[in-house]
Amino acid sequence: MKRYLTVLFLFIYLTGFSNAKVAKDTLSFWKVYVAGTLIKEGNVFSENSKIILKKGKIRAKDILNVKYFDDTPCIDCNGSILIKTKNEEEIKKIGNLKSNYDFDVKTTDLQVLAFKNKSSILKFYYREDDSQKEILLFQIQIK
């Protein structure tokens with residue numbers, strides 16, 4: 001009897017573990033590019049989601065491109081990226097470009113936003129629609 005309970009417990013444990021693995025494969029995730037080069041990627045549960053931009057290396061022509069990939073995309077939604085200060089004050093809203101999940105902002109604009117709002121950390125959130133809650137994607141620290 002003890003052997004059967006052990007096998008049953010082991011079966012339930014392994015089945016639950018394999019389902020958790022599948023769920024992680026279908027997470028929404030994001031990628032950040034500067035001047036066409038991938039600088040950071042992660043998902044909504046990423047622990048290390050900080051990007052550091054150094055003032056001396058920010059060029060006027062550089063564009064920060066954010067690509068968000070949703071596991072359940074919404075075709076009719078009007079997605080946007082919200083930029084907030086470290087104190088959660090919303091300072092900019094970026095509309096979508098080609099799709100609900102592709103956004104551009106000039107790196108020099110980020111530097112100006114950080115300076116004007118006295119916040120060296122800018123938090124980037126994705127909101128699928130105005131009625132939806134925003135999702136924290138990553139933070140940019142300008143040094």
>> So if I restrict to the alpha-carbon atoms in the stretch 27-142, what is the Rg, and what is Dmax, the biggest pairwise distance, in Å?
In response: 13.3, 40
> Stretched out fully, how many nm does the piece from Ile75 to Phe29 gain, at 0.36 nm a residue minus the Cα gap?
Replying inline: 14.8 nm
> For the pair Thr37 and Glu90, what calculated FRET efficiency results from E = 1/(1 + (r/R0)^6), where r is the Cβ-Cβ distance and R0 = 22 Å, to the nearest 0.05?
Replying inline: 0.20
>> I need the chymotrypsin sites (Phe, Trp or Tyr not before Pro) found in the stretch 26-87, filtered to DSSP loop residues with at most 12 other beta carbons within 10 Å of theirs.
In response: Phe45
> In a shell of Cβ-Cβ distance under 14 Å around Asn48, excluding Asn48 itself, what net charge do Lys and Arg (+1) and Asp and Glu (-1) give?
Replying inline: 0
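Suppose we take every Cα in the stretch 77-136 and form the convex hull; what volume per residue is that in Å³?
Looking at the stretch 77-136, the number lands at 72 Å³ per residue.
Just rank Arg127, Arg3, fewest to most, by other beta-carbon atoms within 10 angstrom.
The fewest-first ordering by Cβ neighbours comes to Arg3, Arg127.
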>> Let's see if you can work this out: charge +1 on each Lys and Arg Cβ, -1 on each Asp and Glu Cβ, no other charges. What is the dipole magnitude of the stretch 27-142 about its Cα centre, in debye to the nearest 20?
In response: 880 debye
> Share of antiparallel DSSP beta bridges in the stretch 43-143, in percent to the nearest 5?
Replying inline: 85 percent
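We did not get these values from a lab; they are worked out from the coordinates using the rules stated. Since the structure is predicted, the reported quantities are computational estimates derived from the model, not experimental observations. Every residue, glycine among them, receives a Cβ derived from its backbone with ideal geometry; neighbour counts consider all protein chains shown.
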